[in-house]
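Notes to accompany the following structure.
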Amino acid sequence: MIAACLCPHCTCCSWVRTDPPLRTSGIITMSWMSGTQAGMQGLLNVTADSLAEYCGLTGDHQANSVFLESQLGLLQRNPSQSVINSEFCAKYLPALVDAYDAQDAAFNIPMRMLNAVAYLPYFARFLLTTAKTSICKTQAHRMATASSAPADPVHIVEMCQFLSTLLALQGTNSVSEEDKQALLPKLREWNRKYQKQQITRCLKQLEDDPETTILAGGLKQHCESSLNECGFDGCGKSGTSKLLQCSRCKTAVYCDRDHQKKSWPSHKATCFPAVF
Ligand SMILES: [Zn+2]
Ligand SMILES: [Zn+2]
Ligand SMILES: [Zn+2]
C-alpha cells in the first residue's frame, strides 16, 4: 500500500508503509516500521554516513525524506550535532551540492541537509573556494519561479531560513533583479500569513533593510571566522596571508604552531579530513 507521509512536519513526501506513523515530540515511534530491529537501531543511530544514505548520496542512491527528517530531528537534540555535521561535510558536502544542483524544486532533500549544515565553517569554505555557481542565486531563482509553495508552512519556513543564511554568506547582489521582484511579494505574503522570524529576516535582507544587513554581516563574519582568525581562544590574530591552515580539515587557521598545538584538544572533535 502506498500512502502519503503523515508526519506532522511534512505533507509532501510519500513512501511505502503499512501502518500510519506515530510521532511524539519529533521522534517517530517505531511501531509502523516493518523493518528489523537492526533497521530501527539504524534509524536512531545518526551518523555522517546514515545522513548521506538518506540524502541519497550513497547506498542505493534513493533519498528517503522521512528517515532524513527523523534523523535531522534527532540530531537537533544530540550534543554531538556539530561533530556529526562536520564529519558529514568533510566527507559528503561536494556530493550533496551536486545533488542539490540537480534538483528543480525550491524545497528538496539536499536543500534540507544543506540548511542543517549551513552554519558550519566547512560550508563557508565550500562557498568561498569550491562552489562553481552561487547557491544563493540558485535557491532564490527556484523560489522566485516556483508555481506553488510547499503545502506545509514548516517547509516554507525552512526554505526561507536557508535562503536567509545564503543571502548573508553570498550577498543579496547574487540574486538577479528579476528574481528579487518575483520573490518579494511571495515573502511578504508568507510573512503576513505565518509571522515567523526566519521569513521576516529573509524578506528584510532582500529589501536591504539596514539593521538586518548589519545582522547578516555579523552572521557571515561568525561563519567565516575560523577560516581567517587564529583558532586559539583569545588570540584574535587575523588575515589569511600569514596564518597556518589545518591541513586535515582546512577549516581552521593558526598564527603559529604553538597556538595550533594548544588548540588541538578542542579542535580535534570537529576536525575531519576534507575531500575538498
Ligand atoms: Zn515527512
Ligand atoms: Zn594565535
Ligand atoms: Zn582541522
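Summary of values
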quantity	calculated
FRET efficiency estimate (nearest 0.05) - Cβ-Cβ, Val83 to Asp209, R0 45 angstrom	0.80
Label zone at His222 (point 7 Å along Cα-to-Cβ), backbone N below 17 Å, the stretch 187-211	197-202, 205, 211
Lysines with Cα under 30 Å of Lys193, excluding same-chain neighbours fewer than 8 positions away	Lys137, Lys180, Lys204, Lys220
Size of the stretch 118-228 as Cα extents on the principal axes (Å, biggest first)	40, 28, 25
Alpha-carbon centroids, the stretch 70-122 and the stretch 256-276: separation in whole Å	22 Å
Rounded FRET efficiency, nearest 0.05, which uses the C-beta distance separating Lys237 from Asp60 and R0 of 41 Å	0.30
Peptides ranked, highest mean first, by Cβ atoms within 10 Å: ranges 167-177, 75-85	167-177, 75-85
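We did not get these values from a lab; they are worked out from the coordinates using the rules stated. Note that the structure is a prediction, hence the values are computed from the model and not measured. Here the Cβ is made from the backbone with ideal geometry for all residues, glycine too, and neighbour counts use every protein chain on show.
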